[in-house]
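What follows is a short report on a single structure.
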Amino acid sequence: MPAFDRREEVRFASGRTTCAAWHYPGSDGGCVIMAGGTSVTKEPATDQFAARFNDAGLAVLAFDHRRFGESGGTPRQIVRLDEQVADWHAAIEYAAGLPDVDPDRIAVWGFSLAGGHVFRVAADHPRLACAIAQTPLVDGPAVAPHALRAMTPLALLRLLGRGVADTLGGLAGRPPLLVPTAGPRGAVASLTTSDAMDGDRALDPDGRHTNWERTVAARIALQIGGYRPGRHAARIRCPLLVVVCDQDESALPGPAVRWARNAPRSEVVHLPGRHYAPFLESHEQAVEAQLAFLHQHLDPRAHG
C-alpha cells in the first residue's frame, strides 16, 4: 500500500488550540516528526521525504504549525517563533504516546525556518534519538544582510513599512497585513533571493496543494533578522545531521556549517544546488543520506 494511503489525519493539543498532522504508522518503533518553514504547510513541506521514510518502516508525524494550514490558531498566517517551537514540543509529546512509536526512538526533521527550530528543539530534548536540519535558517543576523541586498531599495522600504504597520495593527487587534512568502527581485515579499521562487516547482510541481496559502504576515520582516537558533547547538546531545546546499542563496550554507561544529555529535552533508535542491536535482542524494542517518540512530539495536 502506498504511504499516502496508509497515513491518517490526527490532531494534538498545543497551547490553547490544536495542530493538524498526518500520522504515517510505522512498523519498527522509530518515528520522524516533520514540519516545513515559514508558511509551507505539511503536505508540500514533507510529502516527498515522509513517504520515503515511511516506506523504510519508520512512523512519521508531519504537522502544521499553529496559524497555518489545517491547524488552529488565529489570526492566521502569523509566524510567532516561540509558539512554533512550542508546537514541536507538543508534537514530540504526542508522538511518544502513539502505539507504534518507541519514545526513545524519535527524530525531528525540519527545513529552512523549521530547520532552525530543530536546533532549539533538539537542545531542549536530550531524549531525542537524532535530529535532521535541512538547509536550515540558523543565524538571522548572518543571513539578513544577504537577503536585504537581494531586494530593490524601494521594495525593501515598502516591506519594512508594511512590517511596522502590521506589527502596530496587531497590537491594536487589526487583521494581519500579508505579503507573499517569496517573490522576484523588486516585489514586496518576505524573500526575494535568486532561489526564492524555486519553491513552487520544488514543493508543488503538479499544483496539487491548492489549499497552500503562500503568504505570511509582514511583521516577519522585523523578526527573522534577530532569530539565531544556531546558538543552541552546543546544548544538543543527540546526533545532528545538517544538510546544506552549496549554492543556497536563501539560508546560506556557511552559517549552518559553522554552528553545526558546536554540536558535539554533528555531521554535515554538502549537496550541490540552491535552497530547494533537496526537493529537486539533489533529492535522491538527500534521501539516501538522511535514511542512512535515521537507520543508524533509530535502529532498535542502538536502543536496546
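The values are calculated or read from the model by the stated rules, or taken from the named source; none is laboratory data. Quick caveat: nothing in here was measured; it's all calculated off a predicted structure. Reconstructed Cβ throughout: ideal geometry from the backbone, glycine too, with neighbour counts over all protein chains shown. Quick note on the areas: whole protein, heavy atoms, side chains included, nothing else; ligands and nucleic acids left out. Shrake-Rupley method; radii C 1.70, N 1.55, O 1.52, S 1.80 Å.
Things worth noting here:
- Qualifying residues in region 95-140 (those that are among the β-branched types (Val, Ile, Thr) and part of a helix (DSSP H, G or I)) - the one surrounded by the most Cβ atoms within 10 Å (Cβ to Cβ): Val118
- In region 277-300, the residues that are among the small types (Gly, Ala, Ser) form Cβ pairs under 7 Å with partners that are in a helix (DSSP H, G or I), at six or more places apart or across chains, as follows: Ala286/Pro278.
- Only one of the numbered conditions (1) crowded, with 17+ Cβ neighbours inside 10 Å; (2) touching a Gly at 6+ places or on another chain (Cβ under 8 Å); (3) polar (S, T, N, Q) is violated by Thr152, and that is (1).
- The conditions of being β-branched (Val, Ile, Thr), surrounded by fewer than 22 Cβ atoms within 10 Å (Cβ to Cβ) and at pLDDT 95 or above are met by Val268.
- Note on region 69-94: residues that are of a type outside the set (Gly, Ala, Ser) and open to solvent by less than 10 Å² (accessible area, probe 1.4 Å) amount to 6.
- Asp195 vs. criteria within 17 Å of Ser39 (Cα to Cα) and in contact with a Ser or Thr (Cβ under 7 Å, 6 or more places away or on another chain): yes
- Qualifying residue in region 249-264 (condition: touching an Asp or Glu at 6+ places or on another chain (Cβ under 6 Å), of a type in the set (Asp, Glu) and outside any helix (DSSP H, G or I)): yes
- Looking across region 42-61 at every residue that is aliphatic (A, V, I, L, M), outside any strand (DSSP E or B) and crowded, with 24+ Cβ neighbours inside 10 Å, the one that is farthest from the chain's Cα centre (by Cα) is identified as Leu58.
- Conditions (1) outside any loop (DSSP other than H, G, I, E, B); (2) buried (at least 24 other Cβ atoms within 10 Å of the Cβ); (3) small (Gly, Ala, Ser); number of the one not met by Ser39: (1)
- Test for His275: is it under 30 Å from Leu298 (Cβ atoms), open to solvent by 10 Å² or more (accessible area, probe 1.4 Å) and either at pLDDT 95 or above or not in a loop (DSSP other than H, G, I, E, B) (or both): no
- Summed over region 208-235, residues that are β-branched (Val, Ile, Thr), crowded, with 21+ Cβ neighbours inside 10 Å and in contact with a strand residue (DSSP E or B) (Cβ under 7 Å, 6 or more places away or on another chain) total 1.
- Some residue of region 224-245 being of a type outside the set (Lys, Arg), out of contact with any Pro (no Cβ under 6 Å at 6 or more places or on another chain) and closer than 22 Å to Gly69 by Cα: yes
- Only one of the numbered conditions (1) more than 18 Å from the chain's Cα centre (by Cα); (2) not in a strand (DSSP E or B) is violated by Gly69, and that is (1).
- Given (1) surrounded by fewer than 21 Cβ atoms within 10 Å (Cβ to Cβ); (2) within 13 Å of the chain's Cα centre (by Cα), index of the condition Asp64 fails: (1)
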